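Report on one structure; see the data block that follows.
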Amino acid sequence: MTRVVGLTGGIGTGKSTVANLLSALGATVIDADAIVHRLQARSSPVLAEIAAVFGPDVLDRDGALDRARLAELVFRDPSARQRLNDIIHPKVAVEMARELEAARRAGAALVVLDIPLLFEGRASGRGRAAKLPFDATLLVYCPAALQLERTLARDGCTRAEVERRIAAQLPIEEKRALADFVIDNSGSLAETERQVRDLYAKLTGGDALRTVP
């Protein structure tokens, strides 16, 4: 039987690190952001739709998506962000469901659906996660102050830009309360790796899929 876990986090919490660790242990990881990048490829129908809604300025001189420009638009305007989500999320959900079915047919023991806005989508009923099946949800956690610190160090954004991006997501403490499992990524990489190994053993060893973070 294939177990399906929805993986999420907040900006700067280290979700990609945990996804990579799970993949190295043997999980099949289906990455929503990677699917988004494929769908938004130059000359794609999705990119044409984005340009029609947001204007030609969201394309660079080569006709590819100017991600920085689009992010600037949508993180300043919740209605613009929702218009973008309405274009992208249904298409990503279809592709994730297709890849999940392929993983099941291949006999995968554990499939991880890596969805940054998992809880936001469930709450609205409109996101990538709204109709995808999960046996459990997994949150990669660190405190909000550390989210801000890490993102400032990594992304080269201004403090105001990072704060807007964090504010566009559910607060990390609310996500923690909603998750079935939590990986606390506040400490060292070795500690995170230990938690991931323990959780992988639980998820693939027949244990119940509910724990108290």
- Note on the structure: The alpha-carbon pair-distance distribution computed for the range 145-198, with 5 angstrom bins and whole-percent values, is 4, 17, 21, 20, 21, 12, 4, 0
- In terms of the charge dipole of the chain, which places +1 on Lys and Arg and -1 on Asp and Glu at the beta carbon, the residue among Asn85, Gly63, Val196 farthest towards the positive end is Asn85
- Note on the structure: Any residue on another chain or 5+ positions along whose placed amide H is under 5 Å from the amide H of Leu110 is listed here as Arg3, Thr28
- Item | Full-stretch length increase - Ala144, Arg197 - with 0.36 nm per residue and alpha-carbon distance subtracted | 16.6 nm
- Message: Given the range 1-119, report the % of alpha carbon pairs whose separation exceeds 23 Å.
- Response: 38
- Given backbone amide H placed at 1.01 Å from N, residues whose amide H is under 5 Å from that of Ala136, ignoring those fewer than 5 places away on the same chain, are Val4, Gly6
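At most 10 other C-beta atoms within 10 Å and a DSSP loop state: those are the exposed trypsin sites (Lys or Arg not before Pro) I care about. Give me the longest piece of the chain that has none.
Details: sites that count: Arg61, Arg210.
In short, 62-209.
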- Message: Out of all DSSP beta bridges in the chain, what portion is antiparallel? Express it as a percent rounded to 5.
- Response: 5
- Item | For the chain, built as a Gaussian network whose Cα springs stay under 10 Å, the top-fluctuating residue of Ile87, Ile30, Ile115 | Ile87
- Using modelled amide H (1.01 Å from N, peptide plane; none on Pro or chain starts), what sits under 5 Å from the amide H of Leu59, excluding residues fewer than 5 places away? Asp66
- Note on the structure: Computed over the range 49-112, the distribution of all Cα-Cα distances in 5 Å bins, rounded to whole %, is 3, 16, 19, 16, 12, 11, 11, 9, 3
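No value in this document is a laboratory result; all are computed from the given coordinates. The structure presented is a predicted model; accordingly, all values stated were derived computationally and were not measured. Neighbour counts run over all protein chains shown; Cβ positions are idealised from the backbone, glycine included.
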